[in-house]
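J.: Pasting a structure below so you can have a look.
The values are calculated or read from the model by the stated rules, or taken from the named source; none is laboratory data. This one's a predicted model, so the numbers in the text were calculated from it and none came from an experiment. We place every Cβ from the backbone using ideal geometry, glycine too, and count neighbours over all the protein chains shown.
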Amino acid sequence: MGQQRSAWILLLVLLALFSRHIWLAAYAHPYLDDFGYAVATRDTTLLDRLWREYQHWNGRWFSNVLVLRGPLLLGVDRGLVAYRIMPLVLMALTLGALYLLIRKAASGHLDRLRSWSVALLGLLLFMHTMPDTWEGFYWYTGAISYQLPNALALLMLALLWRSSTESRVPWWRSLIQCALVAAICGSTEVHMALTITVLGGMLVRTRVSDHRWDGHLALLLVIALVAGAIMMVAPGNAVRTSLFTQPHDPVRSVVLSILQTGRFLAIWFATPAVLIASLFFLAWRRGMGIRYTGPGPLPLALGIVLLVSFCMFLPYWSTGLLGQHRTVNVACLVFLVLWPFLLAALDDGFFKRNGWSIPLMDVRSKPWMFALLAFFLVVHKWDGALTGDLLDGTARRYDQAMRMRHDRMKEAVRVGLEEIVLPRAEPIPRSMRVLGPGPDPNAHWNRVMAAYYGNPDLRIRILGAATRTDA
């Protein structure tokens, strides 16, 4: 009874920590890219606009459907409500996929209640560790292109793991996996490349270990290759690449990818919340007497480095720069998924053999260690900015300023003004990074904003906005 009560307390504490992320979603506002896609799409058919994207921008045939049919097509008011619901949908989908993956990985050592707690902790750690959480979940265009396939990939891994223990995969589950692979590989280039790599590696491993070709894995790999080929042959890829000054430089891409891999892995390894969660994981598996039977620590460590490097290499190769951190968010998820397996391999293969104990993990210390973990999940890194913005009212006041801007824009269009001067939306929350129009009414994004509200000829000036990153 005491253990069950402790499990419920743990889940409630994690839910309290998670509630901050739900709260922040109530203050989310669209980026200019969201307005741009809405303007470009609302007067054309979906297929026509998809074809234009394919010809002139990129070949992301799956994620582009969702990007081009975003919440802002519902209008400013209803669209904003839908826009704020989407982060919650992505969080719920990611949480559910993590739960299924953990249930399979724990192999019956965790009940449903504790599995939900571990899944929720995993989501909190991911949102805490990823370099750009706001763009990762709260910006619709970026989140639907990158976080949705992240969640689908976790679900795919859970289903693949289950299929690996079955002699025959039911047709309906095979159909779901085929659809998942196609969707993931049609979302972004990095997800496509990772999916093909993982499926190819699994197929080769099955061939070497079982001396047979797995027909189901082979089918999934063929689908991934076809879906990826559709993306990669898009004429729009060359158009997009031409906008950058240093694409397709092999030396630059390799060197900078290695440097960025070392940089981010060092940051993630040294994140206090990750370190404390690692201690809890090691203590739990030792207490349960679980033996690790997977690949050794060296192949796992090499796999983490190579996959993370792969995520860094692709943007450098295609654009010459790392740019926004959405692809690094993908690399962060790769690291966090593989990290427990590396810890388990190290524990059985090295730590135990050398008599290493787990510090600060006795019965009396565990509650204090969990309190310390919760502390870092509240005040450290982006979470600290989030907590401050919510508690001191910065996020709420920013939302009020942005709503006032929306109202003034609608009124300006209604009465037929030729020009409107708007103040900079302040205060700017530290946990948000919203791209807005600037001081030049002839700038592209100023004209896009005017077109979205219904008057392309309206001249918009933002006082005090010096760069595109001003809101």
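Per-residue answers, yes or no, for (1) closer than 30 Å to VAL305 by Cα; (2) assigned to a loop (DSSP other than H, G, I, E, B); (3) in the same structural domain as ALA450 (by TED's automatic domain parsing); (4) not polar (S, T, N, Q):
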| site | (1), (2), (3), (4) |
| --- | --- |
| LEU336 | yes, no, no, yes |
| LEU342 | yes, no, no, yes |
| PRO367 | no, no, no, yes |
| LEU373 | yes, no, no, yes |
| GLY384 | yes, no, no, yes |
| ARG403 | no, no, yes, yes |
| ASP407 | no, no, yes, yes |
| LEU417 | no, yes, yes, yes |
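J.: Same structure, new question: If we scan the stretch 5-24, do we find a residue that is outside any helix (DSSP H, G or I), surrounded by fewer than 20 Cβ atoms within 10 Å (Cβ to Cβ), over 21 Å from the mean Cα position of the chain (by Cα) and touching a residue at least 60 places away in the same chain (Cβ under 8 Å)?
T.: So far as the stretch 5-24 goes, no, none of its residues is outside any helix (DSSP H, G or I), surrounded by fewer than 20 Cβ atoms within 10 Å (Cβ to Cβ), over 21 Å from the mean Cα position of the chain (by Cα) and touching a residue at least 60 places away in the same chain (Cβ under 8 Å).
J.: Can you tell me which residue is farthest from the chain's Cα centre (by Cα) among those in the stretch 298-328 that are buried (at least 19 other Cβ atoms within 10 Å of the Cβ) and under 26 Å from ALA106 (Cα atoms)?
T.: Per the stated criteria, the residue is LEU300.
J.: Take ARG396 and tell me if it is assigned to a helix (DSSP H, G or I), modelled with pLDDT under 95 and of a type outside the set (A, V, I, L, M).
T.: Answer is no for this residue.
J.: Right, another one. Please go through the stretch 136-164 and pick out each residue that is over 14 Å from VAL334 (Cα atoms) and either of a type outside the set (A, V, I, L, M) or touching a strand residue (DSSP E or B) at 6+ places or on another chain (Cβ under 7 Å) (or both).
T.: If the condition is that a residue be over 14 Å from VAL334 (Cα atoms) and either of a type outside the set (A, V, I, L, M) or touching a strand residue (DSSP E or B) at 6+ places or on another chain (Cβ under 7 Å) (or both), then GLY136, PHE137, TYR138, TRP139, TYR140, THR141, GLY142, SER145, TRP161, ARG162, SER163, SER164 are the ones that fit.
J.: What residue, of TRP116, TRP172, is aromatic (Phe, Trp, Tyr), more than 13 Å from the chain's Cα centre (by Cα) and closer than 21 Å to LEU217 by Cβ?
T.: So the residue among TRP116, TRP172 that is aromatic (Phe, Trp, Tyr), more than 13 Å from the chain's Cα centre (by Cα) and closer than 21 Å to LEU217 by Cβ is TRP172.
J.: Just one of (1) outside any helix (DSSP H, G or I); (2) surrounded by 16 or more Cβ atoms within 10 Å (Cβ to Cβ) trips up GLY36, so point out which.
T.: (1)
J.: While we're on this one: From LEU390, LEU386, LEU377, LEU372, which residue is over 24 Å from the mean Cα position of the chain (by Cα), closer than 23 Å to LEU14 by Cα and at pLDDT 95 or above?
T.: LEU372
J.: Specify the residue that is nearest to the chain's Cα centre (by Cα); the eligible residues are those in the stretch 435-459 that are of a type in the set (A, V, I, L, M, F, W, C) and more than 22 Å from ALA28 (Cα to Cα).
T.: My answer is ALA443.
J.: Another question, then. Within the set of pairs 6 or more residues apart or between chains, which connect a residue that is at negative phi inside the stretch 133-153 to a residue that is in a helix (DSSP H, G or I) and aromatic (Phe, Trp, Tyr) with Cβ atoms less than 8 Å apart?
T.: Close Cβ pairs (under 8 Å, with a partner that is in a helix (DSSP H, G or I) and aromatic (Phe, Trp, Tyr)) amount to THR133/TRP382; TRP134/TRP382; GLY136/TYR146; TYR140/TYR83; THR141/TYR37; ALA143/PHE137; GLN147/PHE137.
J.: Taking only the stretch 154-196 into account, find how many residues are touching a residue at least 12 places away in the same chain (Cβ under 8 Å) and either of a type in the set (Asp, Glu) or not assigned by TED's automatic domain parsing to the domain that holds GLY96 (or both).
T.: 1
J.: With the checklist (1) touching a residue at least 12 places away in the same chain (Cβ under 8 Å); (2) assigned to a loop (DSSP other than H, G, I, E, B); (3) crowded, with 17+ Cβ neighbours inside 10 Å in hand, flag the one item HIS109 doesn't pass.
T.: Failed condition: (3).
Matching residues to (1) at negative phi; (2) in contact (Cβ under 8 Å) with a residue 24 or more places away in the chain; (3) crowded, with 18+ Cβ neighbours inside 10 Å; (4) out of contact with any Lys or Arg (no Cβ under 6 Å at 6 or more places or on another chain):
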{"site": "ARG60", "(1), (2), (3), (4)": "yes, yes, yes, yes"}
{"site": "LEU72", "(1), (2), (3), (4)": "yes, yes, yes, yes"}
{"site": "ARG78", "(1), (2), (3), (4)": "yes, no, no, yes"}
{"site": "LEU88", "(1), (2), (3), (4)": "yes, yes, no, yes"}
{"site": "LEU95", "(1), (2), (3), (4)": "yes, yes, yes, yes"}
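J.: In the set ALA143, ALA158, ALA119, ALA151, which member is surrounded by fewer than 21 Cβ atoms within 10 Å (Cβ to Cβ) and either within 19 Å of ALA183 (Cβ to Cβ) or in contact with a helix residue (DSSP H, G or I) (Cβ under 9 Å, 6 or more places away or on another chain) (or both)?
T.: Every option except ALA158 fails the conditions.
J.: Let me ask something else. If you go through the stretch 211-244, how many residues are in a loop (DSSP other than H, G, I, E, B) and under 21 Å from PHE310 (Cα atoms)?
T.: Of the residues in the stretch 211-244, 2 are in a loop (DSSP other than H, G, I, E, B) and under 21 Å from PHE310 (Cα atoms).
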